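Visitor: Can you read through this structure? Questions will come right after.
The values are calculated or read from the model by the stated rules, or taken from the named source; none is laboratory data. Every value quoted in this text rests on a predicted model; they were computed, and no experiment measured them. Cβ placement follows ideal geometry from the backbone for every residue including glycine, while neighbour counts extend to all protein chains displayed.
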Amino acid sequence: MPDARHALVLFSGGQDSTACLAWALERYQHVETIGFDYGQRHVVELECRLNVRAQIHENFPQWRDRLGPDHLLDLSLLGQISDTALTEKREIEMNANGLPNTFVPGRNLLFFTFAATIAYRRGLNVLVGGMCETDFSGYPDCRDNTLKALQVALSLGMDAKMTVETPLMWLDKAQTWALSAQLGGEELNALIVEHTHTCYLGDRGQKHEWGYGCGQCPACALRARGYRGWKEHGSSFADTHRGDL
C-alpha cells in the first residue's frame, strides 16, 4: 500500500528531478509537481518538464492516478539579482571562493520555501528534491545538513510538519540511472534520455546516448559519466539500492 501522505516534487524536467518524481509516485498516494522560472539560461527545461509529465501519464498506468496538478512559479526576481553562469551568458568557471559560478545563491532555499507555501495551501506535507552530496558541484544548498535545517525551519514557520525528502542525497549519477531503471525499467530511462534536460547551456541540438546537451558543460559531463558507469555496472548498483524503494 502507498504511503497515505501527499507529496510535492521540486520538478525541473531534468534527470534527477524525474528520478525523484518516479520515486515519489511509487511511494506516495498523491503527488504534485512544482517548477520555477527564474531566468535560467536553460529555460528549455520548462518545456521539457511538461513533456516528461505527459509521457509518465501516458506510459506508466501504475502511477497515472497518483500524478496530480503541476504548479509553475515566476521567480524571475532571483535571476535579476543573481550574477551567475546559469542566469547570464558567460563562461562557466570557478570563483575565488571555491564555488563554480553556476551556483545561484539562495536558489534551493527559496525553492523549498515557495514549495512549502504551495504545499501548505494544498494540504501536502512531503517536499521532494533531487539534491545530492555525492555527485555535485559543491553547492552549499545541496548539502544534507542544509536541508535538514530547512525542514525544521519550514515546519516551525508553517506550524505544520513538513518532511523534506532527498532520495538521491547519497547516490552518484550512475546509481541514479540504476534507481530510475529499478523504478520504471528501461522505459523510464528511455524517457529520461529522450525528454529530460540537464545541459546548463540549454542545448538540445545534439543527441548523445545519455540524452541531449552540449556535451561539454559540467552538467553534461556528469550525466554522461554516470550513464557510462550505469551501463558498465548497472545490475550491481540496482542490487545495492534495492532497499531504497
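Visitor: Would you mind stating whether GLU91 is at pLDDT below 95, surrounded by fewer than 21 Cβ atoms within 10 Å (Cβ to Cβ), not hydrophobic (A, V, I, L, M, F, W, C) and not in a loop (DSSP other than H, G, I, E, B)?
Guide: Judged against the criteria, GLU91 is not a match.
Visitor: With the condition being among the aromatic types (Phe, Trp, Tyr) and under 25 Å from ALA224 (Cα atoms), I'd like the helices (runs of 4 or more DSSP H) fully within region 1-67 carrying at least 1 qualifying residues.
Guide: Result: 15-27.
Visitor: Could you check ALA190 against (1) part of a loop (DSSP other than H, G, I, E, B); (2) out of contact with any Phe, Trp or Tyr (no Cβ under 9 Å at 6 or more places or on another chain); (3) closer than 23 Å to TRP230 by Cα and say which number it fails?
Guide: Only one criterion is unmet by ALA190, namely (1).
Visitor: May I ask you to verify whether LEU77 is more than 19 Å from the chain's Cα centre (by Cα) and hydrophobic (A, V, I, L, M, F, W, C)?
Guide: yes
Visitor: I've got another one for you. Can you pull out the residues in region 118-140 that are modelled with pLDDT of 95 or more, surrounded by fewer than 14 Cβ atoms within 10 Å (Cβ to Cβ) and either part of a loop (DSSP other than H, G, I, E, B) or not charged (D, E, K, R) (or both)?
Guide: GLY123
Visitor: Please enumerate the residues belonging to region 111-133 that are of a type outside the set (Asp, Glu) and without any contact (Cβ under 8 Å) to a residue 60 or more places away in the chain.
Guide: THR113, ALA116, THR117, TYR120, ARG121, MET131
Visitor: Are any residues in region 197-236 in a strand (DSSP E or B) and either in contact (Cβ under 8 Å) with a residue 24 or more places away in the chain or under 17 Å from the mean Cα position of the chain (by Cα) (or both), and if so, which ones?
Guide: GLY211, TYR212
Visitor: State whether one or more residues within region 141-160 are assigned to a strand (DSSP E or B) and buried (at least 18 other Cβ atoms within 10 Å of the Cβ).
Guide: The answer is no, given that none of the residues of region 141-160 is assigned to a strand (DSSP E or B) and buried (at least 18 other Cβ atoms within 10 Å of the Cβ).
Visitor: Still on this structure: What is the residue count in region 1-51 for residues that are β-branched (Val, Ile, Thr) and farther than 13 Å from GLY130 by Cβ?
Guide: 3
Visitor: For region 172-184, state whether one or more residues are touching a residue at least 24 places away in the same chain (Cβ under 8 Å), assigned to a loop (DSSP other than H, G, I, E, B) and under 16 Å from ASP135 (Cβ atoms).
Guide: Yes, because at least one residue in region 172-184 is touching a residue at least 24 places away in the same chain (Cβ under 8 Å), assigned to a loop (DSSP other than H, G, I, E, B) and under 16 Å from ASP135 (Cβ atoms).
Visitor: Tally time: how many residues in region 139-192 are more than 28 Å from PRO105 (Cβ to Cβ) and among the β-branched types (Val, Ile, Thr)?
Guide: Going through region 139-192 one residue at a time, the tally reaches 1.
Visitor: Something else about it: When you check SER17 against the structure, is it within 20 Å of VAL104 (Cβ to Cβ), surrounded by 20 or more Cβ atoms within 10 Å (Cβ to Cβ) and touching an Asp or Glu at 6+ places or on another chain (Cβ under 8 Å), yes or no?
Guide: Taking the combined requirement at face value, the residue does not satisfy it.
Visitor: Does GLY39 satisfy being modelled with pLDDT under 80 and touching a Gly at 6+ places or on another chain (Cβ under 8 Å)?
Guide: Yes: the conditions hold for GLY39.
Visitor: Test LEU154 against the stated conditions and say whether it is closer than 25 Å to GLY68 by Cα and within 14 Å of the chain's Cα centre (by Cα).
Guide: No; evaluated as a whole, the condition is false for this residue.
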